[in-house]
Amino acid sequence: MAKDIELDALDAVRRPVASANGLPNAHYTDPDMFRTEAQALLMSTWAGLAVTADVPEPGDAVPMDFLGMPLLLIRDKQGEVRVFQNICRHRGMMLVPEPRKIEGAIRCPYHSWCYSTAGRLVSTPHVGGPGHNTHDAIDKDTLGLIEVPSHIWREVVFINVDGTAPPFEEVHADLIARWAEHDKPLYHGGADSTFVLDVRTNWKLAVENYCESYHLPWVHPGLNSYSRLEDHYNIEAPGHYSGQGTLVYRQLRGVNEEVFPDFEGLSEKWVEGGEYVALYPNVLLGVQRDHAFAIVLDPVAQDHTREHIHLFYATPRTDEGMRAKNATLWKTVFEEDIGVCEGMQRGRSAPGFDGGRFSPAMDSPTHCFHDWVAMRMQGHG
């Protein structure tokens, strides 16, 4: 009976926006639902994990936790960014507990099995007994680190944990084509261009809020003072992404009216335009003429999300003071969203709330995301 009720609720979510309900409360408050969604929405799709700037040099290795799984982000000695399960193939020991530079091999601290930065098992000391470092039963060619399929786009490292998703370029061909003009080198602004926001909310509420511009006049009065609600438009690609665009993007200016260098070869659309989309499931992207950003949402628990924000520029060198000012401006904007996301999370504990209704004119990008969630959950069974 409970399953039938859940399926009926998902059918209500998938109605046209004018008559649809939002997702039921359990999708934000129930630990069991969080685990089910992890499988249906995050592990079987191309989810965001990190950015390439987290491992800038060959040998850099950073342990990460994704939905409880110990992973290792590493740039191998050939410069390729890879993702492995952060465990030894011998007894499942954690390999790299803290960020570090791998100078030689990745050595297990338990029995000293060693792996190359490309994941190959290279050394098994005393595995055949004292002084015998090989054994016929231990096939090094099949006991390398378990690699997680990964793909890099716009310097975001995407992973497909269960390996079942179609190729990234196929899944997201529409947005890749839409933003083809922005297919340029991106240069991370460095330590002053990244920050983390810890938000007591379900990760989906962060996506839903980002998708729409409806809240601008009340939540972002400073931003709305020049990029008004009426200057925005909806962006929807059902099953893949949704968001908003603005016709009025105002460049940051320094004390002498200097601006950041533009990305080369952009059309007139981008002179005063910007677009901001949620790439399902958990990556929020923004593009403008002179810089871009990526927000990778880390779903910690059903009521806890970490937002990892990174700013990128068109050239490897930009003014330090300008970068700091830009980071402060964006941090202010994103912090303004925390209260409403946490308020919605608390509201999902109200038993009479049925998921809510949508403004057909203003909320369709958020409804688009809800429809994707419901579709994935129905397909997951």
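Assorted remarks:
- Overall, segment 180-380 carries a charge dipole of about 400 debye about its Cα centre when +1 sits on the Cβ of Lys and Arg and -1 on the Cβ of Asp and Glu, all other atoms neutral.
- Straight-line cross-link partners of residue 204 among the lysines, defined as a Cα under 24 Å from its Cα and at least 8 positions apart when in the same chain: 3, 331.
- Across segment 42-84, the volume of the C-alpha convex hull divided among the residues equals 67 Å³ per residue.
- Intensity falloff of segment 57-148 expressed as log10 I(q)/I(0), Debye formula with alpha-carbon point scatterers, at q = 0.14, 0.15, 0.17, 0.21 Å⁻¹: -0.47, -0.53, -0.67, -0.98
- Portion, in percent, of the accessible area of segment 57-148 that falls on carbon or sulfur, probe 1.4 Å: 49
- Range of Cα positions in the chain per principal axis (Å), largest first: 75, 66, 33
- Under 17 Å from a label point set 7 Å out along the Cα-to-Cβ vector of residue 218, no amide N atom of segment 185-200 is found.
- Ligands, DNA and RNA left out, the accessible area of segment 223-381 computed with a 1.4 Å probe is 50% carbon and sulfur.
- Accessible area of segment 180-380 divided out per residue, in Å², using a probe of 1.4 angstrom: 42
- Cβ-Cβ FRET estimate between residue 226 and residue 304, R0 fixed at 35 Å, reported to 0.05: 0.55
- Sequence-distant aspartates and glutamates (8 or more away, or on other chains) whose Cα lies within less than 13 Å of residue 140: none
- Here the Debye sum runs over all C-alpha atoms of segment 180-380 as equal scatterers in vacuum, and log10 of I(q)/I(0) at q = 0.08, 0.12, 0.15 Å⁻¹ comes out as -0.27, -0.62, -0.98.
- Per-peptide average of other Cβ atoms within 10 Å, ordering 340-347, 291-298 highest first: 291-298, 340-347
- In range of the label at residue 110: residues from segment 49-70 whose backbone nitrogen is under 16 Å from the point 7 Å along Cα→Cβ: 70
- Rel. contact order, % - alpha carbon contacts under 8 angstrom, at least six apart, segment 57-148: 24
- Length-normalised contact order for the chain - Cα pairs under 8 Å, 6+ apart - percent: 22
- Å² of accessible area per residue within segment 1-104, as computed with a 1.4 Å probe and no ligands counted: 45
- Where labels lie 7 Å past Cα in the beta-carbon direction, separation of residue 80 and residue 65 in nm: 3.0
- Its Cα centre serving as origin, the chain has a Cβ charge dipole (Lys and Arg +1, Asp and Glu -1) of approximately 740 debye.
- Fully extended contour minus Cα-Cα distance, from residue 57 to residue 272, at 0.36 nm per residue: 73.9 nm
The values are calculated or read from the model by the stated rules, or taken from the named source; none is laboratory data. For clarity, every value in this text was computed on a predicted model and none was experimentally measured. All Cβ positions, glycine included, derive from the backbone under ideal geometry; neighbour counts span all protein chains shown. SASA here: full protein model, heavy atoms, side chains in, ligands and nucleic acids out. Shrake-Rupley method; radii C 1.70, N 1.55, O 1.52, S 1.80 Å.
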